[in-house]
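The next block holds one structure in the form of structure tokens; read it before the comments.
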Amino acid sequence: MRIPRAVARLNKRVTNPIQRQWAPRLAPYAMVEHVGRKSGKHYSIPVLAWVDGDRLTIILTYGRHTDWVRNVQAAGSFGLTRKNRHYRVTGPRVVPSDSPDIVRGARIPARLFESALLGTLHRA
């Protein structure tokens, strides 16, 4: 399942600004910080993220072709704030939602969508 683009536009304008207030502090939410590959502009977006040791899984609710996913893959790394801790995430890669590499806590919610983004966490 992929969430429709109309819902994505609504979330971008209405819900994301609200979620930015608490997402960096309340797991499984987190904030992805990245730079636009064309604009060079800094972005910060709320996501659902699960961690196991140094492994990270972010469920791609809008699919693998969103701008932020393309930006972090092009850059090869991005920032993440989760539970008020800052991390650098390296090696971002998109996998199918049934991949055995998905962090254990994210396996059930991931199956509702097509894919997930995996990466390695480094304390910033």
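The values are calculated or read from the model by the stated rules, or taken from the named source; none is laboratory data. For clarity, every value in this text was computed on a predicted model and none was experimentally measured. When we count neighbours, we look across all protein chains shown, and the Cβ atoms used for this are built from the backbone with ideal geometry, even at glycine. For accessibility, only protein heavy atoms count, side chains too; no ligands or nucleic acids. Shrake-Rupley method; radii C 1.70, N 1.55, O 1.52, S 1.80 Å.
For R37, project a label point 7 Å along Cα to C-beta. Then give me every residue of segment 48-66 with its amide nitrogen under 20 Å of that point.
Only 58-66 fall inside the zone, counting backbone N under 20 Å.
Could you tell me the accessible area of Y29 in Å² (1.4 Å probe, neighbours in place), rounded to the nearest ten?
Accessible surface of Y29 is approximately 60 Å².
Using only DSSP helix segments of four residues or longer, with each worth -39500 (n - 2.57), what per-residue ellipticity at 222 nm results for the chain after dividing by its residue count and rounding to 500?
My calculation for the chain gives -4000 deg cm²/dmol from helical runs alone.
With a 1.4 Å probe and every protein chain left in place, tell me how much accessible area H65 has, in Å² to the nearest 10.
130
For the chain, what is the charge dipole size about the Cα centre, in debye to the nearest 20, if Lys and Arg each add +1 at the Cβ and Asp and Glu each add -1 at the Cβ?
Around 380 debye, computed over the chain.
So which residue, out of R82, R55, R104, gets the largest mean-square fluctuation from a GNM of the chain using Cα contacts under 10 Å as springs?
Greatest mean-square fluctuation among the candidates belongs to R104.
One-quarter of the Cα convex hull surface for segment 75-124, in nm²? Walk me through the numbers before you get to the answer.
On the way: hull surface 15.1 nm².
Directional mean of the projected Cα hull area for segment 75-124 stands at 3.8 nm².
Given the options P92, P17, P46, state which has the largest fluctuation in a GNM of the chain using a 10 Å cut-off (strictly under) for Cα springs.
Highest fluctuation among the options: P17.
Using the alpha carbons of segment 25-124, what is the convex hull volume per residue in cubic angstrom, as a whole number? Each step should come with its number before you reach the end.
Numbers: hull volume 8.5 nm³, N = 100.
Value for segment 25-124: 85 Å³ per residue.
Work from the charge dipole of the chain (Cβ charges, +1 for Lys and Arg, -1 for Asp and Glu, about the Cα centre) and give the residue of L118, Y87, T57 farthest towards its positive end.
In the chain, that residue is Y87.
Report the extension gain between R70 and S44 in nm, rounded to one decimal, defined as 0.36 nm multiplied by the number of residues separating them, less their alpha carbon distance. Please report the intermediate quantities before stating the final value.
Numbers: separation 26, 0.36 × 26 = 9.36 nm, distance 1.44 nm.
Once the chain is fully extended between R70 and S44, it gains 7.9 nm.
Which order do I102, I45 take by accessible area at a 1.4 Å probe, largest first?
I45, I102
Of F113, F78, which has the most accessible area with a 1.4 Å probe, and how do the rest follow in descending order?
I get F113, F78, largest accessible area first.
Given contacts defined as C-alpha pairs under 8 Å and at least six residues apart, what's the relative contact order of segment 6-123, whole-number percent?
Values: 229 pairs, mean separation 31.3, N = 118.
Here the relative contact order equals 27 percent.
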